[in-house]
Amino acid sequence: MKNCLGIINLSELESNIQELTKVRPIASIPFAGRYRIIDFTLSNFVNSGINNVAVFTQNKFRSLVDHIESGKSWDLDRKITGITVFNPAFNYNKIVQRYGDIEHFYQSLNWLKYASEEYVFISRSYMICNIDISKAYDYHIKSGKDITIINKNIENSEKFYDLDTLNTDPSGNLISIGKNTGKEKEIKLSMEMYIMRKSLLIKIIENAVENGDSNYLKQALFKELNNYSVTTYDYSGYLACINSSKNYYDANMDMLDHDIYQQLFSTERPILTKVKDEPSTIYRETSDVKNSLVANGCDIKGTVKNSIIFRDVKIDEGVTIEDSIIMQRTHVGANSSLKNVILDKYVNISKESRLSGDKKVPYIVSKGIEL
Amino acid sequence: MIKKEIVALILAGGQGSRLKGLTTNLAKPAVPFGGKYRIIDFPISNCSNSGIDTVGILTQYQPLALNAHIGIGKPWDLDRTQGGVKVLPPYMSQEGGRWFKGTSNAIYENIHFVDTYDPEYVLILSGDHIYKMDYMKMLDYHKEKNAEVTLGVIEVPWEDTNRFGILNTTDDLKIYEFDEKPENAKNNLASMGIYIFNWKKLKAYLIADQENPDTNYDFGKDILPKMLANGNDMYAYPFKGYWRDVGTIQSLWEGNMEMLDEDSELKIHDESWKIYSRNANLPPHILTNNATVKTSMVNEGCYIDGEVEKSILFPNVKIGKNAKVIQSVLMPNVVIEDGATVYKSIIATNSVIKKDSVIGDESLDEITLVTNEDHGLLE
């Protein structure tokens, strides 16, 4: 995989996950107790041997830059290759209205041109999975096709509403691309991951800018698909797309399924994140915790069921938390009860509070709020 | 090379034979402690938090795990271009190779390392103790007293004075006598094995001590008494707070259990003085519907399907269905199979406790130690 660049394109649609993306891109939403969404893509890259990585951010990149730092946590703080974060060069609102993300790529074209790698792997951050990219890469090389799109055969299509679906011939060659309306039960879902020669990507970007007919990289790519041979590669492991608050809630709860947990956090291909050096979580005498995922640094005196507890959470005596996601550095005051709730970071719930949402519409408390 | 005001040297070559099977192929400072640390994380983190950025670590006995753990010092933010952490093993020279013969000889053999930074002061630490301490406050005190040597001391209960090196001091804490494990102590200030020396002075004494045919090459037995006898100004720096020598199976177990006290003096959760370590980077731990966990510390990657009470679980420990773990310390990757019971025990890294077996005894004072051949050196 030394001959392949990794690109993470963060122009991801946030309209159905607005509460959690007020202060951050989807890529840096906390997930599964101690991770950020982007950790999965970064770890997939590194575990597959892709060590030259670029992240193309949108606006609101502060938390992401803070998270990635020098790339240390993923061993991407390299002298040769490593990670580069490309933040938009000027007022992003203006670019979005007029140009989409294609201009952003065009401005960073030199990074692509100067890299010695011949291939690129382009990905989003919001597709949560643990994939061995080197297998897809080998498949692409062997196929001799111009472009390979990674896909997964999905049976519960409503979970992946509005995402791209692929129509292929029996041998996996692409015929056309559509949208998942949720009506069809079984679909071939595009994971929005593409492998191609770097020179082809450069050509597609340059054409799009010259012709002025595509605002987004994906749009430019789809427009040109008919001119190239395109095949598909099947991924069969766990997949979730964090493009709505409901999907975010469900995917977190999926982690309580031990088979999914073991598959996603495989010891052979570990998911890495920024280390925070908290001590172990301490369970006090009054604690009662069942069927939950708990990260380090917590101090727990209350009752917790079917929930995800992030790092450094304090849960006081008499508290009951059920079916909820409690993000890092929150504090839940004595005798409060929470059900179907998502608490964002640094939330402080005063004692005796009652909060409850619905499994389909979890009650979300924004970052830093004191209730 | 940029001049440094102070250089720290951590003596980490000790075998720790009283830790029995735990130190068969592990130096004592590398022994796991407190759910995620190794003992040496405490002095190294203290250096880093105190703003001391040049640290030499003197290794000798079974250094593999220790070397791998320290690496270039990343976890402690000591991967620096100027200074940083350096592991200093015994070495060969044109006069031949030799082991460090004792604590003072180990420093003597590394005079050239210290001289590189031309420091005013050196801080000598042992890699064996659990505590949080700001060494810079001690240095301020050392300067204020205009001392040649300052020794960190802690008040111990009078009945325990016969287990420690006691320092007899005048009212202004100037040391006039050393009393090693006295039967009838005049004072209850015990030496913590933490020394600040004016480097030029120490260097002269180290060189002179090498020439002494009767020397034990030891700070406590040779260097410090000699300096006192020659009338150097030596002061005791009283430290208040948690400090434990965890050099025996019993004290290692007790030190771990003390972390579970709600008002533990160590204040491990205090973020203004974090203890850093190499991190396993594992997913959060899981408590199943069958789990009961009370008064315990649990780290990442654990899977608990049984009952855990008053225990410390290191990363990646698995507790099976109907298994019971009480008042025990389970080091990384330990597996307690279904139905097994563990009382008052320390279970070493990578050990497996078989289905339905019973380890340890709640009614006994003695701590049961379970070790195995594969110690997980590079956890």
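The values are calculated or read from the model by the stated rules, or taken from the named source; none is laboratory data. What you see is a predicted model, and the numbers here were worked out from it, not measured in a lab. Methodologically, a virtual Cβ is constructed for each residue, glycine included, from the backbone with ideal geometry; neighbour enumeration extends over all protein chains shown. Accessible surface areas use protein heavy atoms only, side chains included; no ligands, DNA or RNA. Shrake-Rupley method; radii C 1.70, N 1.55, O 1.52, S 1.80 Å.
Residues of region A:29-80 being in contact (Cβ under 8 Å) with a residue 60 or more places away in the chain and polar (S, T, N, Q), which ones?
A:Thr41, A:Ser43, A:Asn44, A:Asn47, A:Ser48, A:Asn52, A:Ser73
Right, A:Arg329: open to solvent by less than 60 Å² (accessible area, probe 1.4 Å), modelled with pLDDT of 95 or more, closer than 21 Å to A:Arg36 by Cα and basic (Lys, Arg) or not?
So A:Arg329 does not fit the description; no.
Could you look through region B:295-313, keep only residues that are assigned to a loop (DSSP other than H, G, I, E, B) and within 8 Å of chain A (Cβ to nearest Cβ), and pick out the one that is nearest to B:Val31 (Cα to Cα)?
Ranking the candidates gives B:Asn299 first.
Using the structure shown, decide if A:Ile271 is within 26 Å of A:Trp74 (Cβ to Cβ) and part of a loop (DSSP other than H, G, I, E, B).
Against the criterion (within 26 Å of A:Trp74 (Cβ to Cβ) and part of a loop (DSSP other than H, G, I, E, B)), A:Ile271 qualifies.
Restrict the check to region A:45-66 and report whether at least one residue is open to solvent by less than 40 Å² (accessible area, probe 1.4 Å) and either among the acidic types (Asp, Glu) or within 14 Å of another protein chain (Cβ to nearest Cβ) (or both).
Yes, region A:45-66 contains at least one residue that is open to solvent by less than 40 Å² (accessible area, probe 1.4 Å) and either among the acidic types (Asp, Glu) or within 14 Å of another protein chain (Cβ to nearest Cβ) (or both).
When region A:260-278 is examined, which residues are found to be within 21 Å of A:Ser292 (Cβ to Cβ) and facing chain B (nearest Cβ under 9 Å)?
Passing the criteria: A:Tyr261, A:Leu264, A:Phe265, A:Ile271, A:Thr273, A:Lys276, A:Glu278.
Return the residues of region B:7-21 that are under 15 Å from B:Trp199 (Cα atoms) and either open to solvent by 20 Å² or more (accessible area, probe 1.4 Å) or not β-branched (Val, Ile, Thr) (or both); say none if nothing qualifies.
B:Ala8, B:Leu9
Which of the residues that make up region B:276-291 are more than 9 Å from every other protein chain (Cβ to nearest Cβ) and surrounded by fewer than 17 Cβ atoms within 10 Å (Cβ to Cβ)?
Across region B:276-291, there are no qualifying residues.
Every residue in region A:1-34 that is in contact with a strand residue (DSSP E or B) (Cβ under 8 Å, 6 or more places away or on another chain) and outside any loop (DSSP other than H, G, I, E, B), please.
If the condition is that a residue be in contact with a strand residue (DSSP E or B) (Cβ under 8 Å, 6 or more places away or on another chain) and outside any loop (DSSP other than H, G, I, E, B), then A:Cys4, A:Leu5, A:Gly6, A:Ile7, A:Ile8, A:Asn9, A:Glu19, A:Leu20, A:Ala27, A:Ser28, A:Pro30, A:Phe31 are the ones that fit.
Any idea how many residues of region A:295-305 are within 8 Å of chain B (Cβ to nearest Cβ) and farther than 26 Å from B:Lys74 by Cα?
Total satisfying the criteria: 1.
Just wondering, is there one or more residues in region B:268-275 that are open to solvent by 20 Å² or more (accessible area, probe 1.4 Å), part of a strand (DSSP E or B) and within 14 Å of chain A (Cβ to nearest Cβ)?
Taking every residue of region B:268-275 in turn, none turns out to be open to solvent by 20 Å² or more (accessible area, probe 1.4 Å), part of a strand (DSSP E or B) and within 14 Å of chain A (Cβ to nearest Cβ).
Of the residues in region A:203-223, how many are assigned to a loop (DSSP other than H, G, I, E, B), free of Cβ contacts under 8 Å to residues at least 40 places away in the same chain and not acidic (Asp, Glu)?
Going through region A:203-223 one residue at a time, the tally reaches 1.
List the number of the failed condition for B:Lys74; all other conditions in (1) away from every other protein chain (no Cβ under 14 Å); (2) surrounded by fewer than 24 Cβ atoms within 10 Å (Cβ to Cβ); (3) farther than 18 Å from B:Met136 by Cα; (4) of a type in the set (Lys, Arg) hold.
That leaves (1) as the condition not met.
Take the residues in region B:185-225 that are basic (Lys, Arg) and modelled with pLDDT under 95, then tell me which one is surrounded by the fewest Cβ atoms within 10 Å (Cβ to Cβ).
In this case the residue turns out to be B:Lys186.
Considering each residue of region B:206-261, count those that are assigned to a helix (DSSP H, G or I) and hydrophobic (A, V, I, L, M, F, W, C), and give that number.
13
Mind checking which residues of region A:279-288 are facing chain B (nearest Cβ under 7 Å) and either more than 27 Å from B:Ser264 (Cβ to Cβ) or not in a strand (DSSP E or B) (or both)?
A:Pro279, A:Ser280, A:Arg284, A:Glu285, A:Ser287
Test A:Ile308 against the criterion of being open to solvent by less than 10 Å² (accessible area, probe 1.4 Å), touching a helix residue (DSSP H, G or I) at 6+ places or on another chain (Cβ under 6 Å) and either modelled with pLDDT of 95 or more or facing chain B (nearest Cβ under 7 Å) (or both), and give yes or no.
For A:Ile308, the condition - open to solvent by less than 10 Å² (accessible area, probe 1.4 Å), touching a helix residue (DSSP H, G or I) at 6+ places or on another chain (Cβ under 6 Å) and either modelled with pLDDT of 95 or more or facing chain B (nearest Cβ under 7 Å) (or both) - is met.
Within region B:49-61, does at least one residue satisfy the condition of being of a type in the set (S, T, N, Q), surrounded by fewer than 21 Cβ atoms within 10 Å (Cβ to Cβ) and under 24 Å from B:Asp270 (Cβ atoms)?
Yes, region B:49-61 contains at least one residue that is of a type in the set (S, T, N, Q), surrounded by fewer than 21 Cβ atoms within 10 Å (Cβ to Cβ) and under 24 Å from B:Asp270 (Cβ atoms).
Okay, residues lined up against (1) part of a loop (DSSP other than H, G, I, E, B); (2) open to solvent by 10 Å² or more (accessible area, probe 1.4 Å):
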{"residue": "B:Val293", "(1), (2)": "no, no"}
{"residue": "B:Asn316", "(1), (2)": "yes, yes"}
{"residue": "B:Lys321", "(1), (2)": "yes, yes"}
{"residue": "B:Val325", "(1), (2)": "no, no"}
{"residue": "B:Lys355", "(1), (2)": "yes, yes"}
{"residue": "B:Glu362", "(1), (2)": "yes, yes"}
{"residue": "B:Leu369", "(1), (2)": "no, yes"}
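Only residues in region A:357-371 that are over 10 Å from A:Tyr346 (Cα atoms) and modelled with pLDDT under 90 count as the first member; pair them with residues that are part of a strand (DSSP E or B) and open to solvent by less than 90 Å² (accessible area, probe 1.4 Å), Cβ under 7 angstrom, at least 6 apart or cross-chain, and list the lot.
From residues that are over 10 Å from A:Tyr346 (Cα atoms) and modelled with pLDDT under 90, the pairs are A:Leu371/A:Ile349; A:Leu371/A:Val365.
In region B:248-256, is there at least one residue being within 13 Å of another protein chain (Cβ to nearest Cβ), buried (at least 16 other Cβ atoms within 10 Å of the Cβ) and within 30 Å of B:Tyr195 (Cβ to Cβ)?
Yes: one or more hits.
Out of the residues in region B:144-178 that are assigned to a helix (DSSP H, G or I) and either open to solvent by less than 30 Å² (accessible area, probe 1.4 Å) or within 17 Å of B:Phe239 (Cβ to Cβ) (or both), state the one that is modelled with the highest pLDDT.
The extreme case among them is B:Glu144.
Do we have A:Asp234 as modelled with pLDDT of 95 or more and of a type in the set (D, E, K, R) here?
When the stated conditions are applied, A:Asp234 passes them.
Can you tell me how many residues in region A:219-269 are touching a Ser or Thr at 6+ places or on another chain (Cβ under 6 Å) and polar (S, T, N, Q)?
Within region A:219-269, residues that are touching a Ser or Thr at 6+ places or on another chain (Cβ under 6 Å) and polar (S, T, N, Q) number 2.
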